Structure formats: structure tokens, C-alpha cells
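Asks: Take a look at this one; I'll ask things after.
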Amino acid sequence: MNLKRYGVAVAILATAAISLTACASNEAAPAATSTSSATSTPATGTLNGSGSSAQANAETAWVAGFQEANPAATINYASVGSGAGVAAFISGGMQFAGSDAALTDAQLAGTFTGCAAGAKGIDIPNYIAPIAVAFNLKGVKTLNLDATTIANIFNGKIKTWNDPAIAADNPGVTLPATAIVPVHRSDSSGTTNNFTDYLAKAAPAAWPQAANNVFPYPGEAAAQNAGVASAAEAAEGSIAYLEASNTGTLSVAKLKVGSTYVAYTPKAAAAVVDASPLVASREANDLAFNIDRTTTAKGAYPLVLVSYFIACQKYTDPAVASLVKAYASYVTSPAGQQVAAKSVNSAPLSASLTAKVATSIASIK
């Protein structure tokens, strides 16, 4: 089966569907209970953003809640993948971006066309979610996998489901000789960046590649999280990595952390983020995380993504800055985080991180 061709079709449909969010989203999620703390009067104007497909379902809920409380405001978000969204933001085509990977040093060294002269983009955490290692294997619904085994599956060294390495993780489970079909992202993806970062740090001998938005090995591929899920559901013997709210009918493996196997949960994902340091040498209001992928803490789940709301430090138009601050404040507020949690089972920002985020948003001019 040619999943690459299948993924292109899904990507086209997904992009078209998400582009209608601003029109249909008022029926998609619960209304907000309040407006953002950044404004005392309802926000107005139109704001355009694009990027992370991991954030797509949450963005639908946030747009609905924000527009319910601010009927004179319109928020458009296109789910095109983190790489494409950040590129559009940097070039001035979008006023904000959603990305599952923070801006790189190389990007920060360049010019942000849509920002005021000399201003850069900043990373504001707004969405925390586990990345699931999901599979479609007849007769098998539960699996344990360690990082090295996962790495060797996705680099092509482990080719069948009854491989001794998989069997060692799953004593007593009858594993078929079915060929493994790893499915990865075909587009530039922050989910891929987080997945490859996990493998590079947790299984460096098996995964010598550095973290990257582009998957480094050949194989079957599909665009965006929804495309990967659909492709994996269609292929017997498949295994894929995708943001956890997109798993659909697929089964999900437990990951080995220390000496135990841990299922993904929002609580386990949030705990890892809170215990991880911020990237050094960034602007004070730039909150990019360096996730601890090698933790052995009980109940922790290190295969997690922190997705970011990427905005300008300063905009040329104060009205745009005001609307960006209002929307970002709602998204990262306790009310906004609960809307996402109820909609897609994401992990709300902790109280301490919420306070840091509020300070970051307040610095936008």
C-alpha cells in the first residue's frame, strides 16, 4: 500500500477542513466562562495563525470559546504542520504560529518579517500532550516497548512483530510473524522533532540521529497527525507515533521508564515538563523547554510534546499585538486550558508555569 500517496490526500482534506474553523467552531466546543485577563473589554479584529496539527483539535475548542466571549473577534487557524506554520509566521504570512518544537537558534538569528524591526519571535507554552506509540496488530491489544526497541523498529532493523527484542518486552504475549509497517510524518513536524529527540536521548546507540522536524529514515509516511492515524488504521502490522488525541481505533503501547512500563496520561506528561529545565541563553520571556527524556521517575512519561504559541516580541500594529495578547491569554488561562483538557484530554499548564506564561504574554508589544 502506498501510504505516502494516501497521506497527501489526507493532508489536503485536513488543511481544507481546519481552514473553516473560524466559521464552524462556535458549535465545536464549550464557551469560555470569561475573556482573557489581558483585556477588560471584548477583543475585536481578525487574527490569522497556522502550524501544529497536534494543536489542531485544541485550537478548534479555543477558537470557539474565545469567539463566544468576544463576538467581534475572528481567529483563523490552519493545521498545516509545525514547520510550515513557523515558516509562514517568520515570513510575515501569519500573525502567530502553533509549533510542537521551539524556535531554533538559527531561526532566531534571522529576520522575522511580520514583527516590528529588530523584534524576534518568542515561544509561549500553551499545550502539553503525550505522544503515543500506536499500533495496529490483529490479536494484540497491549504491548510494552523500550526506547531501543522503538528506535530499531523505526530505523528498519526490527522487521517483524515476533522479533526477539519485542518478545523480550512482552513475555507471555503471542506475537505474529507479521511484517512491521512503521508510519512516520511526511511533512516537517514538531511531533517528529519530539519523537526523534526522545529516541536520540533515550536510545542513542540505536538512534544516532539528532532531533529533527524531518524524519531521517525511509519508509511509509503521511502528512499531519490525522493523516498518520488514518494511514496506520488502514495498514495491518503498522506502528506510528502521533499526538495522543489522534490515536482513534489504534492500540497504544506502554513505554519502559526505569524498570517499569508506563501508559501515557496527561498527568504523567505534565510532571515531566515541570521537572525539565528551560533552554538556556534565551530571552527572559522566551519559555522553550529542554525536556528530560531520560527520567526514571515513577509514573513519568518522557515521550511528551510541549507545543508553543509563537508570537512577536513586538508587532508593527498595536491592534494586532492587543488581539494576540488577548487570545494567547485566554488559551493559556486556567479556563482555556480546561477547555482543551475536556476536548482532547491534554495536560493543563501547572500553576507555576501559568504564572511564567502570563508574564511572557504581558511583555508582547
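Asks: Looking at Thr111, Thr104, Thr174, Thr142, which one is surrounded by fewer than 16 Cβ atoms within 10 Å (Cβ to Cβ) and within 20 Å of the chain's Cα centre (by Cα)?
Replies: Answer to the check: Thr104.
Asks: I want to confirm something. Restricting to the stretch 65-81 and keeping residues that are under 20 Å from the mean Cα position of the chain (by Cα) and among the small types (Gly, Ala, Ser), which single residue is surrounded by the most Cβ atoms within 10 Å (Cβ to Cβ)?
Replies: Looking at residues that are under 20 Å from the mean Cα position of the chain (by Cα) and among the small types (Gly, Ala, Ser), I get Gly81.
Asks: When you go through Lys325, Lys298 one by one, which is the residue that is free of Cβ contacts under 8 Å to residues at least 60 places away in the same chain and of a type in the set (Lys, Arg)?
Replies: Only one candidate qualifies: Lys298.
Asks: Taking Val306, is it under 24 Å from Ser189 (Cα atoms), outside any loop (DSSP other than H, G, I, E, B), modelled with pLDDT under 90 and in contact with a strand residue (DSSP E or B) (Cβ under 8 Å, 6 or more places away or on another chain)?
Replies: No.
Asks: From Gly98, Gly93, which residue is under 23 Å from Gln224 (Cβ atoms) and part of a strand (DSSP E or B)?
Replies: The unique qualifying residue is Gly98.
Asks: Six or more apart or on different chains, Cβ under 6 Å: which pairs go from a residue in the stretch 255-268 that's outside the structural domain of Ala341 (by TED's automatic domain parsing) to one that's in a helix (DSSP H, G or I) and surrounded by 15 or more Cβ atoms within 10 Å (Cβ to Cβ)? Could you list them?
Replies: Tyr264/Ala244
Asks: Name the residues in the stretch 172-229 that are at pLDDT 95 or above, within 25 Å of Asp123 (Cα to Cα) and hydroxyl-bearing (Ser, Thr, Tyr), would you?
Replies: Of everything in the stretch 172-229, those that are at pLDDT 95 or above, within 25 Å of Asp123 (Cα to Cα) and hydroxyl-bearing (Ser, Thr, Tyr) turn out to be Ser186, Thr192, Thr196, Tyr198.
Asks: Scan Val183, Val133 and give me the residue that is over 22 Å from Gly258 (Cβ atoms), assigned to a strand (DSSP E or B), hydrophobic (A, V, I, L, M, F, W, C) and within 28 Å of the chain's Cα centre (by Cα).
Replies: When all the criteria are applied, what remains is Val183.
Asks: Next question. Restricting to the stretch 198-231, what's the tally of residues that are surrounded by fewer than 21 Cβ atoms within 10 Å (Cβ to Cβ) and in a helix (DSSP H, G or I)?
Replies: 2
Asks: Of the conditions (1) at pLDDT 95 or above; (2) buried (at least 23 other Cβ atoms within 10 Å of the Cβ); (3) aliphatic (A, V, I, L, M); (4) within 30 Å of Ala340 (Cα to Cα), Ile128 clears all except one; give me its number.
Replies: Among (1) at pLDDT 95 or above; (2) buried (at least 23 other Cβ atoms within 10 Å of the Cβ); (3) aliphatic (A, V, I, L, M); (4) within 30 Å of Ala340 (Cα to Cα), the lone unmet condition for Ile128 is (1).
Asks: Anything in the stretch 312-343 that is crowded, with 17+ Cβ neighbours inside 10 Å and outside any helix (DSSP H, G or I)? List them, or say none.
Replies: Listed by number, the residues that qualify are Cys312, Gln313, Lys314, Tyr315, Ser333.
The values are calculated or read from the model by the stated rules, or taken from the named source; none is laboratory data. Nothing here was measured: the structure is a model prediction, and the numbers come from that model. Glycine gets a Cβ as well: all are built from the backbone with ideal geometry, and neighbour counts include every protein chain shown.
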